Protein chains: 2
Amino acid sequence: MSGKLYFEDFYIGQRFDSVTSAKVTAVEIKEFGQKYDPQPFHLDEGAGEGSFFGGLAASGWLTAAIVMRLRVQSISVAGGMIGAGVEEMRWTLPVRPGDVIRLKTEVVGVRRSQTRIDYGIVCARSIAYNQCHEMVMRNTVNFLAPVLRLDPR
Amino acid sequence: MSGKLYFEDFYIGQRFDSVTSAKVTAVEIKEFGQKYDPQPFHLDEGAGEGSFFGGLAASGWLTAAIVMRLRVQSISVAGGMIGAGVEEMRWTLPVRPGDVIRLKTEVVGVRRSQTRIDYGIVCARSIAYNQCHEMVMRNTVNFLAPVLRLDPR
């Protein structure tokens, strides 16, 4: 889909596949872990082996950040994709060094904003898969989309 | 609170204040934006001024990552804080360069895992504040905590 999307362009059931995939490296896992989730299983292969994860694993918040990038790249909202909250997020499998993540997103709700008459709220469910087609994360998020034609009220 | 916490140590109403605060810089906002949320208002002051945010603003996913670090530093779970999902997350005010973020977390639920008898699930609500004591983000997350004493069943 080309061009910038306004609220009127979104509809329930609409699907967006990620236009790129993201390869996750051990370096990225450790860098993100050191900055934002400094726990042994996100920092060191050896420590990861003795942990719940049985090896080095990405912080779930790194996976969530990668998912945001894949979503931004695949859904071009006029004025930008402005988050209006997360309804649910689940990490269903660890993300490991070398994993390649891609995303499928479906619109599950559209409604006008109660507080900003010039915006609507799009609710979208994203599922992130690894290279083995296994779901590693899902989330349901709301984002704003500007209304193209304001109705007289 | 010192020592590593097991499932039995958690109770509804228990509170944890962040042991440190986090100062957010323009450099960090732009670096995170370039990597994970490449939109003009997260990358450039001038572009931010013409946007919904009226200035450079942190990606909500950067704020969420900072919140994770503050939570990990303030709640020391035996074996590490392993996320079991997010129930809700809201970004209530933009986070700007120079903002100083601190966190208050309250336990709102404790239950044994249905699938792993050696773990319990702690549900915690965190509120992130800036230096003006304004709420910038809240989220409700689940994390695993190992059971210290397994009951005979």
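The values are calculated or read from the model by the stated rules, or taken from the named source; none is laboratory data. This is a predicted model, so every value here is computed, not measured. Neighbour counts run over all protein chains shown; Cβ positions are idealised from the backbone, glycine included. Side chains are part of the model used for accessible areas, which takes the heavy atoms of the whole protein and leaves out ligands, DNA and RNA. Shrake-Rupley method; radii C 1.70, N 1.55, O 1.52, S 1.80 Å.
Of the residues making up the range A:125-134, none is within 27 Å of A:D9 (Cα to Cα), part of a strand (DSSP E or B), among the basic types (K, R) and out of contact with any Lys or Arg (no Cβ under 9 Å at 6 or more places or on another chain). With respect to the conditions (1) in contact with a Phe, Trp or Tyr (Cβ under 8 Å, 6 or more places away or on another chain); (2) open to solvent by less than 60 Å² (accessible area, probe 1.4 Å); (3) assigned to a strand (DSSP E or B); (4) not acidic (D, E), A:R69 falls short on a single one, namely (3). Tallying residues that are basic (K, R) and facing chain A (nearest Cβ under 7 Å) within the range B:63-120 yields 2. Return the total of residues in the range B:22-46 being assigned to a helix (DSSP H, G or I), within 12 Å of another protein chain (Cβ to nearest Cβ) and buried (at least 16 other Cβ atoms within 10 Å of the Cβ). Result for the range B:22-46: 8. Among the residues of the range B:73-90, those identified as more than 15 Å from B:I121 (Cβ to Cβ), surrounded by fewer than 24 Cβ atoms within 10 Å (Cβ to Cβ) and out of contact with any Phe, Trp or Tyr (no Cβ under 9 Å at 6 or more places or on another chain) are B:Q73, B:S76, B:E88, B:R90.
Yes/no per residue for (1) modelled with pLDDT of 95 or more; (2) among the basic types (K, R):
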residue: B:K30; (1), (2): yes, yes
residue: B:Q34; (1), (2): yes, no
residue: B:D44; (1), (2): no, no
residue: B:E49; (1), (2): no, no
residue: B:A57; (1), (2): yes, no
residue: B:L62; (1), (2): yes, no
residue: B:I66; (1), (2): yes, no
residue: B:M89; (1), (2): yes, no
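Only a single item in (1) without any contact (Cβ under 8 Å) to a residue 60 or more places away in the chain; (2) farther than 12 Å from B:M137 by Cβ is not met by B:I82, and it is number (1). Within the range B:107-131, the residues that satisfy the criterion of being of a type outside the set (G, A, S) and in contact with a Phe, Trp or Tyr (Cβ under 8 Å, 6 or more places away or on another chain) are B:V107, B:V110, B:R112, B:Y119, B:I121, B:V122. Taking the condition part of a loop (DSSP other than H, G, I, E, B), closer than 22 Å to A:G85 by Cα, facing chain A (nearest Cβ under 10 Å) and open to solvent by less than 40 Å² (accessible area, probe 1.4 Å), does B:A57 pass? Yes.
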